[in-house]
Each structure stands twice: as C-alpha cells, then as structure tokens.
Amino acid sequence: MKSHLFTALLSILLFSSFTLKKNESKSVVSNPKIQTEINRDSIIEYAKKNLGIPYKYASNDPKKGFDCSGFVGYIFKNFGMTLPRSSSGYKNLGTSLKPEEFKVGDVLVFYGYKNKNIVGHVGIICEANGMQSKFIHASSGKAQKVTITALDTEHYTKRFYKCIDILTK
C-alpha cells in the first residue's frame, strides 16, 4: 500500500513539474523584455513620447520631470545603454563627429551658457542635417520642458561642443 501511495505522489510531483516548465517557457516567449536591436528611429520615437514633460533639475523620472542628462540617460536606458548621469560626463565620451556625419540618435554636447569651459547641456539629434539638425532635449530655458530645438539657433550654435555617436560599436 505504501508503494502505491509513493508512486501516486511521485507521479503527481513529476506531472506538476512538467506543467510548470511548459508554462514558464510560454511566458518567456510571449513577453520578451530585452531589446536586441537598437534602431535610431525607435530611439527618437520613444523620446518624442516624452515631449512636454517638465524640466526638473537633477531628475530622470518622467513622473517628476527631467534635466537634460536625466532625459538622455532615460531614453537610452530603455534600449539597454547606460550613459553618464551628469552632462559633464559627456565631455570625454565618444569621438567627435563632423557635421556631415551627424545621424538621428547621436548625442549633442554643449558648453554651459555661463562657462564655455564646462559641459552643461546634452540632447539627442532627431532630424539630422549637419549644423541645421534638430534635437530633442529637456530644456531649462524658456521652454522648461522636453522640447525639440534647431541646432542652428544662436543660443546653441555658440555653445556647441561636439556631437558623438554612442550607438556604433
């Protein structure tokens, strides 16, 4: 009698473990969470979903607002990339591109508006056209929100430091 009970319990245990594994594999297949390919247009599409979110110093939380580096970091984190949390961390990052090499998804790096020796602002190119490109960024200026701005405005042309491609390995 004990052996029949043992066999029945063993059968139930084995059956339930196979069922569990089967359900786990379905879950993994139907809910992939890892972005395997980074598409430049997908980055901009995702960034544009945040247009209008208010500027908030030292924040990378869309519920509270963004500062410039918080916004750029938040966007690229969605695609599995970790970038500097402060705009100054971009000063020595990457290789500078020539304007004719600018692409959608590249990061623009600017000096601060008061000090031309310190990096103070970053944004992401959303329309590439050399020094006439447009970029999306969390602006602490008039806009006070995530907005799209032309690079060839005097305010940003004077402060331009470099453009870097962080996607090409």
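The values are calculated or read from the model by the stated rules, or taken from the named source; none is laboratory data. What you are looking at is a predicted structure, and each value in this text was computed from that prediction instead of being measured. Cβ atoms come from the backbone with ideal geometry, glycine included; neighbour counts cover every protein chain shown. Each accessible area value is taken on the protein alone, full model and side chains, heavy atoms only, with ligands, DNA and RNA left out. Shrake-Rupley method; radii C 1.70, N 1.55, O 1.52, S 1.80 Å.
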SER59 meets each of (1) among the polar types (S, T, N, Q); (2) surrounded by fewer than 16 Cβ atoms within 10 Å (Cβ to Cβ); (3) in contact with a strand residue (DSSP E or B) (Cβ under 7 Å, 6 or more places away or on another chain); (4) more than 24 Å from LYS158 (Cβ to Cβ) with one exception, condition (2)
Within segment 98-117, work out how many residues are open to solvent by 10 Å² or more (accessible area, probe 1.4 Å) and at pLDDT 95 or above.
-> 8
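Inspect segment 47-69 for any residue being touching a Phe, Trp or Tyr at 6+ places or on another chain (Cβ under 9 Å) and of a type in the set (Asp, Glu) and give the result as yes or no. So that I can check it myself, show each step before the final result.
Just the residues of segment 47-69 that are touching a Phe, Trp or Tyr at 6+ places or on another chain (Cβ under 9 Å), to begin with: 47, 50, 53-56, 59-62, 65-69.
Filter again for of a type in the set (Asp, Glu), leaving 61, 67.
Scanning segment 47-69 turns up at least one residue that is touching a Phe, Trp or Tyr at 6+ places or on another chain (Cβ under 9 Å) and of a type in the set (Asp, Glu).
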Where a residue in segment 134-146 is more than 10 Å from CYS68 (Cβ to Cβ) and its partner, wherever it lies, is at pLDDT 95 or above and part of a loop (DSSP other than H, G, I, E, B), with Cβ under 8 Å and at least six apart | LYS134/LEU151; PHE135/LEU151; ILE136/LEU51; LYS145/LEU51; LYS145/GLY52; LYS145/ILE53; LYS145/SER139
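Looking at the structure I just gave you, is LYS64 at pLDDT below 95 and loosely packed, with under 15 Cβ neighbours inside 10 Å? If you could, list the steps in order and put the result at the bottom.
Numbers: at pLDDT below 95: no; loosely packed, with under 15 Cβ neighbours inside 10 Å: yes.
In short, no.
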Cβ-Cβ below 8 Å, separation at least six or inter-chain, first residue in segment 147-169 and touching a residue at least 24 places away in the same chain (Cβ under 8 Å) and open to solvent by 70 Å² or more (accessible area, probe 1.4 Å), second among the small types (Gly, Ala, Ser) and assigned to a loop (DSSP other than H, G, I, E, B): which pairs?
-> HIS155/GLY141
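Suppose the filter is free of Cβ contacts under 8 Å to residues at least 40 places away in the same chain and surrounded by 18 or more Cβ atoms within 10 Å (Cβ to Cβ); does ALA128 pass it? Explain how you work it out, then say what you get.
Numbers: free of Cβ contacts under 8 Å to residues at least 40 places away in the same chain: yes; surrounded by 18 or more Cβ atoms within 10 Å (Cβ to Cβ): yes.
Here the answer is yes, as ALA128 does meet what is asked.
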Subset tally (residues that are open to solvent by 30 Å² or more (accessible area, probe 1.4 Å), more than 12 Å from the chain's Cα centre (by Cα) and touching a residue at least 24 places away in the same chain (Cβ under 8 Å)) for segment 67-86 = 0
